[in-house]
Amino acid sequence: MISYQAARFKVIEAALRRFRPGAPETLDITTNAGAALGRVLAGEVRADRDYPPFNRAIRDGFAMRAVDVRKVPARLKLIGESRAGEAFAGEVGSGECVQIMTGAAVPAGTDTVVMVEYTKTDGDYVIVERAAEPGDHIVPAGAEARANHVVISRGKYIGYAELNVAAQMGATKLSLFPRPRVAILATGDELVAPQETPGVYAIRNSNSVSISAQAMQAGAEGVILGMAADREKDLSDAVERGLTEDIFVLTGGVSMGKYDLVEDVLRAAGAEFFFDSVAIRPGRPVVFGICRNKLIFGLPGNPVSAMVTFEVLVVPAIQVFSGRTPRPPAMFKAKAKHDLNEKPGLTHFLPARLEFTEDGPAVETLPWQGSADAVALVNANCFVVVDEKRDQITAGEMVDVWPRRGFL
């Protein structure tokens with residue numbers, strides 16, 4: 001049994017050795033921005049001109065020379081206006097000013113903008129009531145980006161801000177790495193399809209649905225293979241299909257029970273395993289290996305265990321196969337609302353709810369009935385992560401918090 005940090009390292013190391021980027025796909029973000037979201041840039045985006053292309057006002061007010069308002073109040077003659085898309089054509093002289101709107105070009109001859117709140121108008125004149133310094137409320141030309149400079153580099157994850165910048169630069173057709181494909185197989189005689197009515201001792205296959213969604217959130221395409229019974233022939237046939245994709249994830253059948261056959265079937269298919277147990281709760285019986293140069297993960301069958309181990313171990317592999325640099329878990333500290341007593345020797349990922357109070361973030365773990373209790377996770381927006389060397393935490397101590405993606 002190894003720590004989850006060591007397990008992540010092994011996954012990332014194996015993924016990096018086997019990552020071979022597929023042929024990039026070009027997407028037009030003006031018609032298909034959603035398809036680009038969450039992908040990784042295979043090329044680069046360069047600025048097509050200076051940004052901003054002119055000295056730009058960032059407040060509504062009046063453009064003028066700072067030297068004219070060193071002593072206030074100052075009375076300046078209003079000679080025109082500059083607004084977004086239509087600049088003032090002339091040059092502003094001493095004792096003059098131009099009304100200016102946010103986003104407009106700063107007129108020639110001026111070097112500062114005084115906000116409208118600090119002025120009064122008097123016919124064709126403006127009374128300035130606050131002194132100004134050169135550069136106030138002005139973004140100089142080229143301050144955001146210089147022409148031909150790289151603004152989005154290869155390997156960058158594409159989010160909404162990146163799409164905005166690409167569109168600003170006129171880079172409407174982006175070259176993107178393909179999404180890795182993750183085959184998902186649920187195993188177990190007790191499973192029925194989600195749309196079926198289960199018998200008393202059966203359960204619906206919910207893991208394939210949640211893992212497919214987690215794969216999509218991580219930037220991959222989930223390929224649901226359905227279910228395989230706890231029989232070698234059924235598992236072997238499904239394994240052959242799963243090994244045609246980039247990453248193969250199985251749930252269930254990885255413990256020590258009589259019908260836990262996943263490792264045996266994978267080994268018969270040629271798998272080499274790097275670990276088969278990780279010191280975490282939930283999710284200790286988790287398997288990772290290589291089979292025919294494909295990454296394979298055997299996750300526990302209980303839903304919370306499957307979801308946690310996917311986030312901890314499969315997501316970094318997806319990041320590598322997407323063309324990204326794998327990121328460590330985005331944890332931060334919060335104050336524990338109550339005492340915690342956990343079994344040492346395991347890192348615990350406890351469903352929890354975080355609140356932001358006047359005294360800072362505070363978190364409480366939620367009641368749950370173990371790794372099959374997915375309902376508890378619905379009410380959680382994060383996990384409290386208790387280090388394997390800790391067994392007791394006192395209310396008021398700072399603890400590690402790992403957000404559920406999209407819920408904080």
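The values are calculated or read from the model by the stated rules, or taken from the named source; none is laboratory data. Treat the numbers as computed from the prediction; the structure is a model and nothing was measured. With ideal geometry, Cβ positions are generated from the backbone for all residues, glycine too; neighbour counts draw on all protein chains shown.
As an exercise: evaluate VAL200 against (1) surrounded by 15 or more Cβ atoms within 10 Å (Cβ to Cβ); (2) more than 16 Å from ALA306 (Cβ to Cβ); (3) among the β-branched types (Val, Ile, Thr) and give the number of the one condition it does not meet.
(1)
Just checking, which of SER212, SER175 is within 27 Å of ALA15 (Cβ to Cβ) and in a strand (DSSP E or B)?
Details: SER212 fails: in a strand (DSSP E or B).
None of the others qualify; the one that does is SER175.
Within the range 370-379, does at least one residue satisfy the condition of being of a type in the set (D, E, K, R) and either touching a Phe, Trp or Tyr at 6+ places or on another chain (Cβ under 8 Å) or free of Cβ contacts under 8 Å to residues at least 60 places away in the same chain (or both)? Lay out the reasoning, then the answer.
Looking only at the range 370-379, we keep the residues that are of a type in the set (D, E, K, R), and these are 373.
Retained after the next criterion (residues that are either touching a Phe, Trp or Tyr at 6+ places or on another chain (Cβ under 8 Å) or free of Cβ contacts under 8 Å to residues at least 60 places away in the same chain (or both)): none.
No; the residues of the range 370-379 include none that is of a type in the set (D, E, K, R) and either touching a Phe, Trp or Tyr at 6+ places or on another chain (Cβ under 8 Å) or free of Cβ contacts under 8 Å to residues at least 60 places away in the same chain (or both).
What pairs come up if the first residue lies in the range 140-156 and is hydroxyl-bearing (Ser, Thr, Tyr), the second is not in a loop (DSSP other than H, G, I, E, B), and their beta carbons are under 9 Å apart, counting only those six or more places apart or on different chains?
Close Cβ pairs satisfying both conditions: SER153/LEU41; SER153/VAL45.
So LEU78 fits all but one of (1) at pLDDT below 95; (2) of a type outside the set (Phe, Trp, Tyr); (3) within 19 Å of GLY123 (Cα to Cα); what number is the exception?
Status for LEU78: all satisfied but (1).
From the residues in the range 17-38 that are hydrophobic (A, V, I, L, M, F, W, C) and surrounded by 14 or more Cβ atoms within 10 Å (Cβ to Cβ), which one is farthest from PHE297 (Cα to Cα)?
We begin by selecting, within the range 17-38, every residue hydrophobic (A, V, I, L, M, F, W, C); these are 19, 23, 27, 29, 33, 35-37.
From what is left, the residues that are surrounded by 14 or more Cβ atoms within 10 Å (Cβ to Cβ) are 19, 27, 29, 33, 35-37.
Working: PHE19: 16, LEU27: 31, ILE29: 34, ALA33: 32, ALA35: 27, ALA36: 27, LEU37: 26 Å.
Among those residues, the one meeting the criterion is ILE29.
Given the criterion acidic (Asp, Glu) and within 24 Å of VAL254 (Cα to Cα), identify the matching residue among ASP400, ASP387, ASP373, ASP391. Full working, then the answer.
Values: ASP400 fails: within 24 Å of VAL254 (Cα to Cα); ASP387 fails: within 24 Å of VAL254 (Cα to Cα); ASP391 fails: within 24 Å of VAL254 (Cα to Cα).
Answer to the selection: ASP373.
Would you pick out the residues in the range 90-127 that are closer than 11 Å to ALA66 by Cα and among the hydrophobic types (A, V, I, L, M, F, W, C)?
Once the filter is applied, which keeps residues that are closer than 11 Å to ALA66 by Cα and among the hydrophobic types (A, V, I, L, M, F, W, C), the range 90-127 yields CYS97, VAL113, VAL114.
For the range 147-194, what are the residues that are polar (S, T, N, Q) and farther than 30 Å from LEU243 by Cβ? Please lay out each step first, then the result.
From the range 147-194, those polar (S, T, N, Q) are 148, 153, 164, 168, 172, 175, 187; that's our starting set.
Within the range 147-194, ASN148, SER153, ASN164, GLN168, THR172 qualify.
For the range 327-377, how many residues are under 27 Å from ILE203 (Cβ atoms) and surrounded by fewer than 11 Cβ atoms within 10 Å (Cβ to Cβ)?
3
What do you reckon, is VAL249 surrounded by 15 or more Cβ atoms within 10 Å (Cβ to Cβ), aliphatic (A, V, I, L, M) and touching a Phe, Trp or Tyr at 6+ places or on another chain (Cβ under 6 Å)?
Values: surrounded by 15 or more Cβ atoms within 10 Å (Cβ to Cβ): yes; aliphatic (A, V, I, L, M): yes; touching a Phe, Trp or Tyr at 6+ places or on another chain (Cβ under 6 Å): yes.
The answer is yes for VAL249.
Is it the case that some residue within the range 187-201 is farther than 30 Å from SER322 by Cβ and in a strand (DSSP E or B)?
yes
Can you name the condition, by its number, that THR244 falls short on among (1) assigned to a loop (DSSP other than H, G, I, E, B); (2) surrounded by 22 or more Cβ atoms within 10 Å (Cβ to Cβ)?
For THR244, the exception is condition (2).
With the requirement that a residue be under 15 Å from PHE332 (Cα atoms) and not aromatic (Phe, Trp, Tyr), what does the range 371-395 give you? Show your work before the answer.
Initial filter on the range 371-395 (under 15 Å from PHE332 (Cα atoms)): 381-387.
Residues satisfying the conditions are ASN381, CYS382, VAL384, VAL385, VAL386, ASP387.
Is at least one residue of the range 193-208 at pLDDT 95 or above and of a type in the set (A, V, I, L, M, F, W, C)?
No, that holds for no residue.
Could you please let me know if LEU37 is of a type outside the set (D, E, K, R), within 22 Å of the chain's Cα centre (by Cα) and farther than 17 Å from PRO316 by Cα? Give the derivation first.
On the way: of a type outside the set (D, E, K, R): yes; within 22 Å of the chain's Cα centre (by Cα): yes; farther than 17 Å from PRO316 by Cα: yes.
Yes; evaluated as a whole, the condition is true for this residue.
Which one of these is out of contact with any Leu (no Cβ under 8 Å at 6 or more places or on another chain), of a type outside the set (Ser, Thr, Tyr), more than 30 Å from THR325 (Cα to Cα) and modelled with pLDDT under 95: ALA132, ALA84?
Numbers: ALA132 fails: modelled with pLDDT under 95.
Within the list ALA132, ALA84, the selection yields ALA84.
For ALA161, indicate whether it is among the aliphatic types (A, V, I, L, M) and either in the same structural domain as LEU299 (by TED's automatic domain parsing) or part of a loop (DSSP other than H, G, I, E, B) (or both). Walk me through how you get there before you give the answer.
Working: among the aliphatic types (A, V, I, L, M): yes; either in the same structural domain as LEU299 (by TED's automatic domain parsing) or part of a loop (DSSP other than H, G, I, E, B) (or both): no.
So ALA161 does not fit the description; no.
What is the one condition in (1) part of a helix (DSSP H, G or I); (2) touching a strand residue (DSSP E or B) at 6+ places or on another chain (Cβ under 6 Å); (3) surrounded by fewer than 24 Cβ atoms within 10 Å (Cβ to Cβ) that ARG267 does not satisfy?
(2)
Return the pair list, or none, for Cβ contacts closer than 6 Å from residues in the range 179-199 that are of a type in the set (D, E, K, R) to residues that are at pLDDT below 95 and in a strand (DSSP E or B), at least 6 apart or on different chains.
GLU190/ILE203
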